[in-house]
Amino acid sequence: MRHHPVRFPKRDPEWRWTDGGWHIDGKDMQHHVDTHKLVLVMLPLWSDIAPKAGGTVIKMGSYKIGCRVLADAAPDGLNHDELNRRVLPLTEDAKLMEMTGAAGDVAILHSCTMHGGGINFGDHPRMITNSFLNLKEKPRFDRPNPDDLSIYERSVAMALDESGPRPGSG
């Protein structure tokens, strides 16, 4: 699944990160911590994106919270709306980062990353593609040798090992 969001310049007198729309991708799926579907979000840039020119805004470290929320919801997982409803308040204080880059660059996000479209205060439309990467098989977090974990498996395992905001922790 792909879509091609374009952000046109706005002439708003007050700069801000985003106009809302915080979300984790995967609208039409049930989310599970051990899924092989939609494990990475890839954002190829079709235009240069300077600071404050509409780059995707990322809540840093939010993928860890998303992984923990999904682990706590196992084995049933969560639908898209419920996942976002649970993760968003836990990421309120997350540091924000705006994706910038040159045409041809590709940003790769963990699938549990809370993000939103930045407001384009630049002079040109911002163009990207939003596409997803699936694994051939479900990740395995039980490998006897931790060095055998894939980068994706390692990122989820590390997120689950860390302490931090969890559902119901206030």
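The values are calculated or read from the model by the stated rules, or taken from the named source; none is laboratory data. Values in this document were obtained by computation on a predicted structure and should not be read as measured data. Cβ atoms come from the backbone with ideal geometry, glycine included; neighbour counts cover every protein chain shown. Surface accessibility is based on the protein's heavy atoms, side chains included, excluding ligands, DNA and RNA. Shrake-Rupley method; radii C 1.70, N 1.55, O 1.52, S 1.80 Å.
Can you give me the accessible area per residue for the range 55-169, using a 1.4 Å probe, in Å²? It would help to have the intermediate numbers written out before the result.
Working: 5980 Å² over 115 residues.
Here the residues of the range 55-169 average 52 Å² of exposed surface.
Give me D for the range 37-109 in µm² s⁻¹, whole number, from Stokes-Einstein with Rh from the Kirkwood sum over alpha-carbon pairs, 10 °C and 1.306 mPa s.
In µm²/s, the coefficient is 115.
Using a 1.4 Å probe on the protein chains only, how many percent of the accessible area of the range 72-170 belongs to carbon and sulfur? It would help to have the intermediate numbers written out before the result.
Values: 2960 of 5770 Å².
Carbon and sulfur atoms account for 51 percent of the accessible area of the range 72-170.
For the range 85-117, run through the trypsin sites (Lys or Arg not before Pro) and keep only the ones in DSSP coil with at most 10 other Cβ atoms within 10 Å of their Cβ.
Values: sites: R85, R86, K95; in loops: K95.
Sparse-neighbourhood loop trypsin sites (Lys or Arg not before Pro): K95.
From the residues F8, L43, T56, which one has its Cα farthest along the dipole of the range 1-113 in the positive direction, the dipole being from +1 and -1 charges on Cβ of Lys/Arg and Asp/Glu about the Cα centre?
In the range 1-113, that residue is F8.
Of the listed values [x] 215; [y] 143; [z] 123, identify the label whose number matches volume of the Cα convex hull per residue in Å³ calculated from this model.
Computed from these coordinates, volume of the Cα convex hull per residue in Å³ corresponds to label [z].
List the GluC sites (Glu not before Pro) within the range 63-170 that fall in a DSSP loop (any state other than H, G, I, E or B) and whose Cβ has at most 12 other Cβ atoms within 10 Å. Don't jump to the answer; show the numbers that get you there.
Details: sites: E82, E92, E98, E137, E153, E162; in loops: E92, E137, E162.
Those that pass, being in a loop and sparsely packed, are E92, E137, E162.
Using a basic spin-label model with each label point 7 Å from the Cα along Cα→Cβ, how many nm lie between F132 and D28?
Label-label distance for F132 and D28, simple model: 0.9 nm.
List the trypsin sites (Lys or Arg not before Pro) within the range 1-44 that DSSP assigns to loop and that have no more than 13 neighbouring Cβ atoms inside 10 Å.
K10, R11, R16, K27
Around A53, with a cut-off of 15 angstrom between Cβ atoms, what is the net charge of the other residues, counting Lys and Arg +1 and Asp and Glu -1?
0
Can you show me the helix-derived [θ] at 222 nm for the chain, built from DSSP H runs with n ≥ 4 at -39,500 (n - 2.57) apiece and divided by the number of residues, rounded to the nearest 500.
-6000 deg cm²/dmol
Contact order normalised by length for the chain, with contacts defined as Cα pairs under 8 Å and 6 or more residues apart; what percent is it?
41 percent
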